[in-house]
1. Could you please give the count of residues in the range 10-59 that are assigned to a strand (DSSP E or B), open to solvent by 50 Å² or more (accessible area, probe 1.4 Å) and modelled with pLDDT under 90?
2. Which condition does GLU74 not pass, out of (1) under 18 Å from GLY5 (Cβ atoms); (2) in a helix (DSSP H, G or I), if it passes all the others?
3. Residues of the range 60-94 being open to solvent by 50 Å² or more (accessible area, probe 1.4 Å), without any contact (Cβ under 8 Å) to a residue 60 or more places away in the chain and more than 21 Å from ALA12 (Cβ to Cβ), which ones?
4. For the range 77-94, state whether one or more residues are assigned to a loop (DSSP other than H, G, I, E, B) and closer than 21 Å to ILE27 by Cα.
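The values are calculated or read from the model by the stated rules, or taken from the named source; none is laboratory data. Every value quoted in this text rests on a predicted model; they were computed, and no experiment measured them. As a convention, Cβ positions derive from the backbone with ideal geometry for all residues, glycine included, and neighbour counts pool all protein chains shown. All accessible areas refer to the heavy atoms of the entire protein, side chains included, with ligands and DNA or RNA removed. Shrake-Rupley method; radii C 1.70, N 1.55, O 1.52, S 1.80 Å.
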Amino acid sequence: SGGGGMLAVELAGGAPAARAFVDTLRIPERTASLGGIHTIVVHPPSTTHRQLTAAELAAAGIAPGLLRVSVGLEDPDDLAADMAQALEAARVAR
(Lines give C-alpha, C1' and ligand atoms only; values in the text may rest on other atoms or scores of the structure.)
Protein backbone atom coordinates (compact mmCIF):
# COMPACT_ATOMS: atom_id res chain seq x y z
CA SER A 1 0.00 0.00 0.00
CA GLY A 2 1.06 3.60 -0.44
CA GLY A 3 3.04 3.33 -3.64
CA GLY A 4 4.15 1.27 -6.53
CA GLY A 5 7.18 -0.29 -8.05
CA MET A 6 7.71 2.01 -11.06
CA LEU A 7 11.07 3.57 -11.76
CA ALA A 8 13.05 4.97 -14.65
CA VAL A 9 16.78 4.61 -15.18
CA GLU A 10 19.09 6.06 -17.79
CA LEU A 11 21.99 3.87 -18.86
CA ALA A 12 25.26 5.43 -19.93
CA GLY A 13 25.97 4.23 -23.42
CA GLY A 14 22.58 5.22 -24.80
CA ALA A 15 20.50 3.01 -27.02
CA PRO A 16 23.12 0.25 -27.52
CA ALA A 17 23.45 -0.20 -23.75
CA ALA A 18 19.66 -0.09 -23.28
CA ARG A 19 19.13 -2.71 -26.01
CA ALA A 20 21.81 -4.97 -24.52
CA PHE A 21 20.24 -4.62 -21.07
CA VAL A 22 16.71 -5.48 -22.28
CA ASP A 23 17.92 -8.27 -24.58
CA THR A 24 19.84 -9.92 -21.73
CA LEU A 25 17.05 -9.90 -19.12
CA ARG A 26 15.43 -13.28 -18.51
CA ILE A 27 12.61 -12.50 -16.08
CA PRO A 28 10.77 -9.37 -17.33
CA GLU A 29 8.32 -9.75 -20.18
CA ARG A 30 8.82 -7.90 -23.48
CA THR A 31 5.90 -5.56 -23.93
CA ALA A 32 5.11 -1.87 -24.33
CA SER A 33 2.43 -1.97 -21.60
CA LEU A 34 3.39 -1.21 -18.02
CA GLY A 35 0.54 -2.99 -16.28
CA GLY A 36 0.02 -6.35 -14.64
CA ILE A 37 1.69 -8.38 -11.93
CA HIS A 38 4.88 -9.28 -13.82
CA THR A 39 8.01 -7.17 -14.02
CA ILE A 40 8.22 -5.27 -17.29
CA VAL A 41 11.10 -3.24 -18.73
CA VAL A 42 10.41 -0.83 -21.60
CA HIS A 43 12.81 1.21 -23.75
CA PRO A 44 10.60 4.23 -24.61
CA PRO A 45 12.80 5.58 -27.46
CA SER A 46 12.25 2.38 -29.45
CA THR A 47 8.71 1.50 -28.30
CA THR A 48 6.18 3.95 -26.86
CA HIS A 49 7.89 7.07 -28.29
CA ARG A 50 9.47 5.62 -31.44
CA GLN A 51 7.60 8.08 -33.67
CA LEU A 52 9.58 11.02 -32.24
CA THR A 53 12.79 12.34 -33.77
CA ALA A 54 15.99 12.47 -31.72
CA ALA A 55 15.43 16.20 -31.16
CA GLU A 56 11.84 15.63 -30.01
CA LEU A 57 12.94 12.87 -27.64
CA ALA A 58 15.59 15.16 -26.16
CA ALA A 59 13.09 18.00 -25.77
CA ALA A 60 10.76 15.61 -23.93
CA GLY A 61 13.60 14.51 -21.61
CA ILE A 62 13.73 11.01 -23.06
CA ALA A 63 17.38 10.00 -23.32
CA PRO A 64 18.57 7.23 -25.69
CA GLY A 65 19.41 4.99 -22.72
CA LEU A 66 16.16 5.56 -20.79
CA LEU A 67 14.39 2.45 -19.45
CA ARG A 68 11.10 2.30 -17.56
CA VAL A 69 10.75 -0.53 -15.09
CA SER A 70 7.50 -1.72 -13.53
CA VAL A 71 8.44 -4.13 -10.76
CA GLY A 72 6.16 -7.13 -10.40
CA LEU A 73 5.71 -9.90 -7.90
CA GLU A 74 8.70 -12.08 -8.82
CA ASP A 75 11.26 -13.05 -6.18
CA PRO A 76 13.34 -9.93 -5.34
CA ASP A 77 16.61 -11.88 -5.27
CA ASP A 78 15.90 -13.35 -8.72
CA LEU A 79 15.11 -9.89 -10.10
CA ALA A 80 18.24 -8.38 -8.55
CA ALA A 81 20.42 -11.12 -10.05
CA ASP A 82 18.78 -10.71 -13.46
CA MET A 83 19.22 -6.92 -13.37
CA ALA A 84 22.87 -7.29 -12.32
CA GLN A 85 23.74 -9.57 -15.23
CA ALA A 86 21.85 -7.27 -17.63
CA LEU A 87 23.77 -4.24 -16.31
CA GLU A 88 27.00 -6.08 -17.09
CA ALA A 89 25.79 -6.68 -20.66
CA ALA A 90 24.92 -2.97 -20.95
CA ARG A 91 28.38 -2.04 -19.65
CA VAL A 92 30.03 -4.23 -22.28
CA ALA A 93 27.79 -2.81 -25.04
CA ARG A 94 28.93 0.74 -24.32
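1. 1
2. Of (1) under 18 Å from GLY5 (Cβ atoms); (2) in a helix (DSSP H, G or I), only one is false for GLU74: (2).
3. LEU73, ASP75, PRO76, ASP77, ASP78, ALA81
4. no
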